[in-house]
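The values are calculated or read from the model by the stated rules, or taken from the named source; none is laboratory data. The shown structure was predicted, so the numbers you read here are calculated from the model rather than taken from an experiment. All Cβ positions, glycine included, derive from the backbone under ideal geometry; neighbour counts span all protein chains shown. Please note that ligands, DNA and RNA were not included when accessible areas were found on the heavy atoms of the full protein model with its side chains. Shrake-Rupley method; radii C 1.70, N 1.55, O 1.52, S 1.80 Å.
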Amino acid sequence: MADDIADRVKQLRKECEQLKEQIKKSREEMNDTTLKQYAESEDVNLPRGDKFKIRRTLKGHLAKIYAMHWAQDKIHLVSASQDGKLLVWDALTTNKVHAIPLRSSWVMTCAYSPSGSFVACGGLDNICSVYNLRSRDIPIRVCRELNAHTGYLSCCRFLNDKQIVTSSGDMTCILWDIEAGSKIREFNDHTGDVMSLSLSPDKNSFISGACDATAKLWDLRSGKCQQTFQGHETDINSVNYFPNGYAFGTGSDDASCRLFDIRADRELAMYAHENILCGITSVAFSISGRYLFAGYDDFNCNVWDTLKGERVWALEGHDNRVSCLGVSSDGMAMCTGSWDSLLKIWA
């Protein structure tokens with residue numbers, strides 16, 4: 001009886017592999033050109049412009065900065081550091097608007113709500129802590145602690161003031177009801193720590209990137225994994241939606257960034273250079289999608305032409321690893337955060 005089952009399992013595994021090969025073959029047949037080849041055949045040269053310059057430097061953190069996130073108002077941003085502070089900044093004046101002391105200094109992520117009323121953070125405490133910026137308490141105290149993950153909190157993003165999505169080292173993502181302090185839905189399919197997530201423009205789905213070297217598309221309403229994207233050789237540290245919501249970018253420890261198309265269900269382009277051997281910590285697109293910004297372990301931020309796959313600029317200005325970056329909602333500025341304890345605004 002046991003032998004029959006083992007033989008059956010063996011046969012089914014063989015059939016699965018054959019089906020995978022058939023799918024791979026049919027997808028390859030449909031792949032008539034690459035994005036780079038198409039871009040070279042068309043007149044898609046970038047207009048010659050000035051290199052991005054540092055316009056502001058935000059000084060205030062006393063230790064490594066691990067995360068930052070822009071507010072929708074294009075002016076404010078929040079940053080999280082292992083000095084145990086969550087700072088809310090006015091990026092125009094460089095003033096600090098709020099300084100929020102954290103219960104745990106081992107913070108890894110932070111997020112600004114779309115309304116600008118709340119910020120959230122989390123890290124090695126496994127908890128997503130939400131703070132109300134409209135609170136009269138000085139200093140601002142935590143208003144909700146969302147506690148269900150069994151691993152570190154790697155990323156969090158608000159859907160609205162009442163819901164937030166978190167990713168964790170326990171290989172899951174969770175959609176939360178903030179007011180109730182309870183989880184609405186859990187997303188299970190990764191086989192490694194989930195390192196990053198990015199919400200789609202329509203807020204109906206999100207992309208996650210994980211240490212299993214895959215990125216997955218999830219439906220927020222059903223909780224099911226819709227697509228899995230493979231290509232990276234090792235951990236994916238960052239994912240970011242393309243502005244139109246039909247594609248997304250990834251950054252990995254394999255020293256490459258990649259562009260995946262959701263409708264074509266495949267990789268469109270890879271952004272790498274033989275001189276770049278270090279991992280990518282964070283990625284973000286310009287508002288048009290023509291530029292891909294990527295933060296690296298070698299203290300630089302590289303700017304890639306998404307169509308041609310070429311490096312346009314290397315932005316040098318930090319004295320340590322660029323740990324996070326983000327583009328403002330109007331596309332007029334890009335902020336980088338680093339282990340050198342500084343945030344820099346580029347434009």
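Backbone amide hydrogens, once placed in the peptide plane, bring residue 67 within less than 5 Å of 80, excluding anything fewer than 5 places away on its chain. First check a/c for the stretch 285-344, with a ≥ b ≥ c the square roots of the eigenvalues of its C-alpha gyration tensor; if it is under 1.5, answer rounded, and if not, answer prolate when a/b is larger than b/c or oblate otherwise. It is oblate, given that a/c is not under 1.5 and a/b is not larger than b/c. The simple spin-label model puts a point 7 Å past each Cα toward its Cβ; for residue 347 and residue 221 those points are separated by 3.9 nm.
Applying the criteria of a DSSP loop state and at most 12 other Cβ atoms within 10 Å to the GluC sites (Glu not before Pro) of the stretch 253-315 yields 274.
Note on residue 44 and residue 186: their simple-model spin labels are 4.2 nm apart, each label 7 Å out from Cα toward Cβ. Note on residue 162: aspartates and glutamates with a C-alpha under 12 Å away, same-chain residues under 8 apart excluded, are 177, 179. Centre-to-centre, using Cα atoms only, the stretch 79-126 and the stretch 174-234 are separated by 23 Å. Mind running the shape call on the chain? Use the C-alpha gyration tensor, a ≥ b ≥ c as the square roots of the eigenvalues: rounded below 1.5 for a/c, prolate if a/b tops b/c, oblate otherwise. Verdict is oblate for the chain. Each residue of the stretch 219-235 was assigned a 3J(HN,Hα) from its phi angle through the Karplus curve 6.51 cos²θ - 1.76 cosθ + 1.60 (θ = phi - 60°); the sequence is 8, 5, 7, 9, x, 9, 7, 8, 8, 10, 10, 10, x, 5, 8, 8, 3 Hz, with glycine and proline shown as x.
For the pair residue 27 and residue 73, the difference between a 0.36 nm per residue extended length and the Cα-Cα distance amounts to 12.4 nm. Carbon-plus-sulfur accessible fraction, the stretch 1-135 (probe radius 1.4 Å, protein heavy atoms only): 50%.
From helices alone, the chain scores -3500 deg cm²/dmol at 222 nm; the rule is -39500 (n - 2.57) for each run of n ≥ 4 DSSP H residues, then divide by the residue total. Measuring against 22 Å, Cα to Cα, the residue pairs 74/216; 74/96; 74/203; 183/203; 85/344 contain 74/216 as the ones spanning a longer distance. For a quick check, take a GNM of the chain with Cα springs below 10 Å and name the residue from 275, 45, 147 with the largest mean-square fluctuation. Evaluated over the chain, the most mobile residue of the options is 275. Neighbours of residue 94, meaning other residues whose beta-carbon lies under 13 angstrom from its beta-carbon, give a summed charge of +4 when Lys and Arg score +1 and Asp and Glu score -1. Here the label points at residue 266 and residue 138, each 7 Å from Cα along the C-beta direction, are separated by 6.1 nm in the simple model.
When the trypsin sites (Lys or Arg not before Pro) in the stretch 92-139 are filtered for DSSP coil states and for at most 13 other beta-carbon atoms within 10 Å of their beta-carbon, the remaining sites are 103, 134, 136.
Protection proxy ranking for 24-33, 215-224, using the average of other Cβ atoms within 10 Å per residue and placing the highest first: 215-224, 24-33.
Considering only DSSP states other than H, G, I, E and B, which trypsin sites (Lys or Arg not before Pro) in the stretch 252-328 qualify as loop sites with at most 14 other Cβ atoms within 10 Å? Of the trypsin sites (Lys or Arg not before Pro), the ones in loops of the stretch 252-328 whose Cβ has at most 14 other Cβ atoms within 10 Å are 263. Close amide-amide hydrogen proximity is noted between residue 74 and 329, each under 5 Å apart and 5 or more residues distant or on a separate chain (H modeled in the peptide plane; Pro and chain starts excluded).
Using C-alpha pairs below 8 Å separated by at least 6 residues, the relative contact order for the chain is 13 percent.
For the stretch 1-158, rounded, prolate or oblate, judged on the Cα gyration tensor with a ≥ b ≥ c (square roots of eigenvalues), a/c < 1.5 rounded, else prolate if a/b > b/c?
It comes out oblate by the Cα gyration axes.
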